[in-house]
Amino acid sequence: MRFITALCFMVFVLPFAAAAQGTDPGAGQVWVQIEAQPSLAEARARARIYAERLPDVNGFDLGRGWYAISLGPYREDEAERVLDVYLREGVIARDSYIAESSDYGRRFWPVEAAADPLQDAAPAPAPAEPDPIPDETLREARASEARLSREARADLQVALQWAGDYDGAIDAAFGRGTRAAMASWQQRNGYPATGVLTTRQRAALLGQYNAVLDDLGLETVRDTPAGIAIDLPLAVVGFDRHEAPFAHYGPRGDFPAQVLLISQPGDRATMTALYDIMQTLEIVPQRGPRALEREGFTLTGIGQDTISHTRVWLRGREIKGFTLVWPAGDEARRTRLLEAMEASFTPLPGTLEAIAPAPAGQRIDLVAGLDLRRPERARSGFFVDAGGSVLTTAEAVRGCGRVTIDDTAEAEIAHLDEGLGVAVLRPRAPLSPAAVARFRADLPPVLSRVAVAGYSYEGLLGAPTITFGQLAGLEGLDGEAHLKRLALAARTGDAGGPVLDSGGAVLGMLVPYAAPGRSLPEGVSFAAANGALRRVMAAGGVTPVVAGAGGDLSGEALTDRAGAITVLVGCWE
C-alpha cells in the first residue's frame, strides 16, 4: 500500500513539482522536510535511499553542521496534501513538517543540482565543506589536545557518545576506544581518520552536540510556588497552571511537548504512592524501564507516539522532580534536553499546597487534571496463596494483551477453566499479600448471611466494596451442583470477588451467570463452590488454605478481612 501511494504521487504530483523547480523558490514555494542529519555523508546516503522510492527528493545545508532532506518544492496546499498522505501511509517520519525556502542554504542533492545554489530572497550563508587538510598537523593536534582540561576531555567523550561513535566510559582518558570513536567521527564527517581531533574538529563536534538544543529556547525557569529552578525549552512549552502536586507547562503551537514540575510535601510512603499513581497516567506509556529507590524514582514510558521520562527526588520532607513528555522519533533532542534539565534541576524553598484528603475509599487524586490510563475492562479477584496467586473469572482475562493485579503488578494466566469460567493468575514478580483466602470445608445452612467483596465500579473507587446478602440455594437454576445461588445485588465489576460467610471464610467465588432467553430478577447472583474452585487451583499449582473454626465477625471486621484479600484485575489491550 505504501509503494502504491508513492507511485500515485509520482503520477499526480511530480509533473507539478518538475515545473516548480524552474520557478523562484521564494514565490509561494514550500517544502516537506522529512529528516535532518548531522553530517553531509549521512545526509547524502539517506537522500539516496529516499530517492529510490519517493519523487521530489532534495537536500539542503541547514547551517551549523546540519543537513535537511526535503520533498518539493510545492505550493502550500500541495505540500499539505503530500505531508498528510505520506504521514498516513507511514512512508515518512511522524515529525516531518512544512518548511520555508528561507530555512535552507546550499543544495547538495540531487547531485547534478548541487552546484546550483538555491535562489532565495535572503539566502542563508552556507558553511564551507570540511577541509580535507587539517587546520593542524597531527603533531600540532596532539599538542593542543594535551593542553585540554579533564573536564574538556570528558565533554568530548560525551559528544562522541551522543554522536553514536563511542560506547565506553566517560573517564576523560583517551584510550583505544576513544581514539577509534574519534576516527569514526572524522570519517563520517569527511575528515582524515587520524584518531586525533584537531582544534577545528573538536569545535565542530561540540557544535553538532550543542546545535540540537538551539531551536528549543532553553532558559532557566524559577517556579517559586513549586520551589524548583530548572532549564526548560520555552520555545515549545509554556506555563499553564499550578495544580498540586504539578506545575503544568503545556505545548506552545503544534509541537506535542509537555513538562510537569512535581512538588509536594511528604515522606517515602507518599513518594511510593506517587510512583504507583504516575504509572496509571496516560502520559506515562506502559512500556519502559522504571526504578523505585529509597530517595527517589525514575519512570520512562515508551509509546508509539510519545516518550515520557520522570525523575523524582525525596529530600527531607519534600518530594520534587519533573516529567518530560516528548514525541517519539526525536531522540537526539530528547536525550540532550533531558541531560540539560536534570543537570540544571535545583530545589528551592517551598512546595505546592498539599492535596486535600480524598473521601474514605476513593482513589487519592494525585493526577491533578491528568487523564488516568484505564484498562479495557476491570473485574475482581482474590489472593489464594502467599506468593500472590489470584483467583478470578475467565471472562476477566479472556483475550487480554496484558493482565494486571491492582493496576501495577503484571500477571500471567496459570490455568483457565472455560467450563467453570474460572482462571488462576500468577504474578510475574512475587507479591506479598497482607492476607490470603481461607476456604471453608463445608457449607452453612440456606439463608445464612454471606458477603461479596469486589470492585463494583470497576476500579473507580480505590478500595473494594462489600455487599451483604444470603445463601439462597445450593445449586444453579438448572441444577448445577458446582453453583450456589445467592440473594445478593452484585454488579458487573464484582465478578471474581470472594463470597464469605459470617466468620470471614470463603464459600466460593462470584461468577457471571448466563440464562439464555431469560431475564433474571434483580438480586439473584451465583457463586462457584469451593469444591470446583479447588480443582481449578490444583491445576494452576495452588494449594488452598483451609479455614479453621471461628465465630461470627462484626460487619466492620468482616469488611477489613474481605478487603485484605480482594484485588482489582485489569484487562489491557
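Here is how the numbers come out for the structure above:
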item	result
Residues satisfying the stated conditions in the stretch 176-200, i.e. more than 16 Å from G164 (Cβ to Cβ) and of a type in the set (V, I, T)	T194, V196, T198, T199
Answer from V542, V536 - the residue that is in a loop (DSSP other than H, G, I, E, B) and either farther than 20 Å from A472 by Cα or polar (S, T, N, Q) (or both)	V542
Enumeration of residues in the stretch 559-573 that are within 15 Å of A505 (Cβ to Cβ), crowded, with 22+ Cβ neighbours inside 10 Å and within 31 Å of the chain's Cα centre (by Cα)	I565, T566
Filter result for E556 (in a helix (DSSP H, G or I) and over 39 Å from the mean Cα position of the chain (by Cα))	yes
Residue selected from the stretch 297-349 under the condition within 13 Å of A257 (Cβ to Cβ) and acidic (D, E), by the criterion farthest from the chain's Cα centre (by Cα)	D330
Per-region count, the stretch 299-333, residues surrounded by 16 or more Cβ atoms within 10 Å (Cβ to Cβ) and either in a strand (DSSP E or B) or touching a helix residue (DSSP H, G or I) at 6+ places or on another chain (Cβ under 6 Å) (or both)	22
Of all residues making up the stretch 208-255, the number that are surrounded by fewer than 16 Cβ atoms within 10 Å (Cβ to Cβ) and within 24 Å of A159 (Cβ to Cβ)	6
Positions within the stretch 47-94 being in a loop (DSSP other than H, G, I, E, B) and more than 30 Å from Q201 (Cα to Cα), in sequence order	E52, R53, L54, P55, D56, R75, G90, V91, I92, A93, R94
Filtered residue count, the stretch 426-451, keeping only those that are more than 19 Å from R485 (Cβ to Cβ) and touching a Ser or Thr at 6+ places or on another chain (Cβ under 6 Å)	1
Among the candidates R44, R48, R107, residue that is touching a Phe, Trp or Tyr at 6+ places or on another chain (Cβ under 6 Å), at pLDDT 70 or above and among the basic types (K, R)	R107
Index of the failed condition, E295 passing every other in (1) at pLDDT 90 or above; (2) buried (at least 16 other Cβ atoms within 10 Å of the Cβ); (3) farther than 26 Å from L218 by Cα	(2)
Criterion (at pLDDT 90 or above, among the aliphatic types (A, V, I, L, M) and more than 41 Å from the chain's Cα centre (by Cα)) met by exactly one of A423, A515, A435, A487	A487
Segments classed as strands (runs of 3 or more DSSP E), wholly inside the stretch 443-525, with at least 1 members that are assigned by TED's automatic domain parsing to the domain that holds V397, out of contact with any helix residue (DSSP H, G or I) (no Cβ under 8 Å at 6 or more places or on another chain) and farther than 20 Å from R377 by Cα	449-454, 465-473, 483-487, 498-500
Odd one out for G227 among (1) small (G, A, S); (2) free of Cβ contacts under 8 Å to residues at least 24 places away in the same chain; (3) in contact with a Pro (Cβ under 8 Å, 6 or more places away or on another chain)	(2)
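Conditions (1) in contact with an Asp or Glu (Cβ under 7 Å, 6 or more places away or on another chain); (2) within 15 Å of G59 (Cβ to Cβ); (3) modelled with pLDDT of 85 or more, marked per residue:
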position	(1), (2), (3)
I69	yes, yes, yes
P73	no, yes, yes
D84	no, no, yes
G90	no, no, no
D95	yes, no, no
A121	no, no, no
P125	no, no, no
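The values are calculated or read from the model by the stated rules, or taken from the named source; none is laboratory data. What you see is a predicted model, and the numbers here were worked out from it, not measured in a lab. As a convention, Cβ positions derive from the backbone with ideal geometry for all residues, glycine included, and neighbour counts pool all protein chains shown.
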